[in-house]
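This report concerns only the one structure given below.
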Amino acid sequence: MLQRLYIHNFRCLENFELPLKGLSSALLIGKNGAGKSTIASALEVLQSVGRGINRVAQLVQPKDLVRGRSDVPIRFEIEVLIKQKLYRYVLALELPENFKELRIFEEQLLVSGEPIYSRKAAQVNLYNSPQNREAQFLVDWHLVALPVIQEQSETDPLRIFKNWLAHMIILAPIPSLITGESNGETLEPKREGSNFGEWISGLLSRYPAAYTQIDKYLREVMPDIQDFLNEQTGKDSKSMIVRFEAKNANLSIEFKDLSDGEKCFFLCAVVLAANKFYGPLFCFWDEPDNYLSLSEVGHFVASLRRSFKDSGQILVTSHNPEAIRKFSHENTLFLDRKTHLEPTLVRLLSDIPVQGDLIDNLILGDIEL
């Protein structure tokens, strides 16, 4: 479970701390431009590191510095509770004068307060214990060390933490890119959902029982669904077909021809199954209510919250009144940014005096930090 996320000098976020300790689900609200999607981008940087991308230039660009402030490093800090142990990872990136690419300024991983490795510039120190250094070596300043340090075993803290980062689900789906076609298998979905076919193939290949979980949810939201198939279309390629049945009539539809909302139902079903079968997972979903009708939003959001209540954690953003009403003041975080020249501020809604109906206040813009 994500306990804390700290971001500094990255896009619109300066000295920004997102407290999520003890929250199995949380909602981010605020005006457009307040920084909700920037939080997803920061998480995506860390996710990419976990997935093996270690070239700094592939993670951040000089334009990501707040107002071009190259005198201050970009800094990411994340604290995650995994099997009752607190993992704390720090990644700081600097842009020296006359440099075109950012490079590593500082990097560190601690577990329950004990350092696994630390780094300053190119020098990496691996620790056997907090008092004794096990090894020292150099890594190119433009490469993140976490993906390149060799793991010793399945229980190595490095492996456990990298897997947690890699399996984070970060979604801002674009239904037109979700075709259901695949040329392989993965457990690492892309933000826009373009590799959904590979994701569901990877999930069902490794965890066949997940089909029942997916089917159960889909029947709740699409009662006439009969089943779905992953048909072979080439040596290594597959394409999804969805079959419906009602009043003794049958209809087969290629997945790519489903409506945008129906594709989001499938996406939700796979998120729920993934959390159950290879979780607990952390999921960030940017506006999950997009593409849904008003009557569908409440059930959709409630299903996500319910699934993550006892295992994993979900963080969502929304502007939809029905989605917002599914959360309480105790797990709703309000982001505010008065102008593009000021940093984003964040507070729990329970700490902000709100007079009258929350939705009315949001519509009228009467909530400010």
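The values are calculated or read from the model by the stated rules, or taken from the named source; none is laboratory data. These figures come from a predicted structure and were not determined experimentally. Because the Cβ atoms are built from the backbone with ideal geometry, glycine has one as well, and the counts that use them run over all protein chains shown. Each accessible area value is taken on the protein alone, full model and side chains, heavy atoms only, with ligands, DNA and RNA left out. Shrake-Rupley method; radii C 1.70, N 1.55, O 1.52, S 1.80 Å.
Of all the numbered requirements in (1) of a type in the set (F, W, Y); (2) open to solvent by 10 Å² or more (accessible area, probe 1.4 Å); (3) not in a loop (DSSP other than H, G, I, E, B), F266 misses one, and that requirement is (2). Listed by first and then second residue, the pairs linking a residue in the range 74-100 that is farther than 14 Å from V60 by Cα to a residue that is aliphatic (A, V, I, L, M) and in a loop (DSSP other than H, G, I, E, B), with Cβ atoms under 6 Å apart and 6 or more places separating them unless they lie on different chains, are L81/M1.
The single condition from (1) over 22 Å from the mean Cα position of the chain (by Cα); (2) crowded, with 18+ Cβ neighbours inside 10 Å; (3) among the small types (G, A, S) that S237 fails is (2).
Closer than 30 Å to L81 by Cβ, open to solvent by 30 Å² or more (accessible area, probe 1.4 Å), free of Cβ contacts under 8 Å to residues at least 60 places away in the same chain and not aromatic (F, W, Y) - does that describe any residue in the range 169-185? Yes, the range 169-185 contains at least one residue that is closer than 30 Å to L81 by Cβ, open to solvent by 30 Å² or more (accessible area, probe 1.4 Å), free of Cβ contacts under 8 Å to residues at least 60 places away in the same chain and not aromatic (F, W, Y).
The set of residues in the range 59-91 that are more than 18 Å from the chain's Cα centre (by Cα) and within 23 Å of N163 (Cβ to Cβ) comprises K83, Q84, K85, L86. For the range 1-13, the tally of residues that are at pLDDT 95 or above and open to solvent by 10 Å² or more (accessible area, probe 1.4 Å) stands at 4. Considered as a group, the residues in the range 302-320 that are in contact with a helix residue (DSSP H, G or I) (Cβ under 8 Å, 6 or more places away or on another chain) and free of Cβ contacts under 8 Å to residues at least 40 places away in the same chain include one that is farthest from F282 (Cα to Cα), and that residue is N320.
In the range 323-334, the residues that are under 12 Å from D289 (Cβ atoms) form Cβ pairs under 7 Å with partners that are of a type outside the set (A, V, I, L, M), at six or more places apart or across chains, as follows: A323/D289; I324/S318; K326/G298; K326/R305. Residue pairs whose Cβ atoms lie under 9 Å apart, sitting 6 or more positions apart in sequence or on different chains, and linking a residue in the range 32-46 that is open to solvent by less than 10 Å² (accessible area, probe 1.4 Å) to a partner that is of a type in the set (K, R), are A34/R337; G35/R11; G35/R337; A40/R191; A42/R11.
Give E154, E101, E106 a once-over and let me know the one that is open to solvent by 60 Å² or more (accessible area, probe 1.4 Å), within 28 Å of T38 (Cβ to Cβ) and either assigned to a loop (DSSP other than H, G, I, E, B) or not polar (S, T, N, Q) (or both).
Numbers: E154 fails: within 28 Å of T38 (Cβ to Cβ); E106 fails: open to solvent by 60 Å² or more (accessible area, probe 1.4 Å).
When all the criteria are applied, what remains is E101.
Restricted to the range 323-334, and to residues that are in contact with a Leu (Cβ under 6 Å, 6 or more places away or on another chain) and buried (at least 18 other Cβ atoms within 10 Å of the Cβ), which residue is farthest from L304 (Cα to Cα)?
If we filter the range 323-334 for residues that are in contact with a Leu (Cβ under 6 Å, 6 or more places away or on another chain), which is where we start, we get 327, 329, 331-334.
Pick out the ones that are also buried (at least 18 other Cβ atoms within 10 Å of the Cβ) and you get 327, 331-334.
Numbers: F327: 12, N331: 14, T332: 15, L333: 18, F334: 20 Å.
Of everything passing the filter in the range 323-334, F334 is farthest from L304 (Cα to Cα).
Mind listing just one residue for me: the one in the range 240-251 that is open to solvent by 80 Å² or more (accessible area, probe 1.4 Å) and in a strand (DSSP E or B) and, of those, farthest from L292 (Cα to Cα)?
Within the range 240-251, the subset open to solvent by 80 Å² or more (accessible area, probe 1.4 Å) is 245, 247-248, 250-251.
Remaining after also requiring in a strand (DSSP E or B): 245, 250-251.
Working: E245: 22, N250: 25, L251: 23 Å.
Here the answer is N250.
Determine, yes or no, whether Y127 is open to solvent by less than 60 Å² (accessible area, probe 1.4 Å), closer than 14 Å to P157 by Cβ and under 29 Å from the mean Cα position of the chain (by Cα). Explain how you work it out, then say what you get.
On the way: open to solvent by less than 60 Å² (accessible area, probe 1.4 Å): yes; closer than 14 Å to P157 by Cβ: yes; under 29 Å from the mean Cα position of the chain (by Cα): no.
No, not satisfied.
Scanning the range 22-51 for residues that are of a type outside the set (A, V, I, L, M) and more than 16 Å from the chain's Cα centre (by Cα), we see that the one that is farthest from K100 (Cα to Cα) is G22.
Annotation note: Cβ proximity below 6 Å between a residue of the range 50-69 that is acidic (D, E) and a residue that is open to solvent by 10 Å² or more (accessible area, probe 1.4 Å) (sequence gap 6+ or interchain) occurs for D64/R11.
When the range 186-217 is filtered for residues that are open to solvent by 30 Å² or more (accessible area, probe 1.4 Å), touching a Leu at 6+ places or on another chain (Cβ under 8 Å) and not hydroxyl-bearing (S, T, Y), the ones remaining, listed by number, are R191, E192, R206, Q213. Entry remark, the range 183-238: residues being in a strand (DSSP E or B) and polar (S, T, N, Q) number 3 in total.
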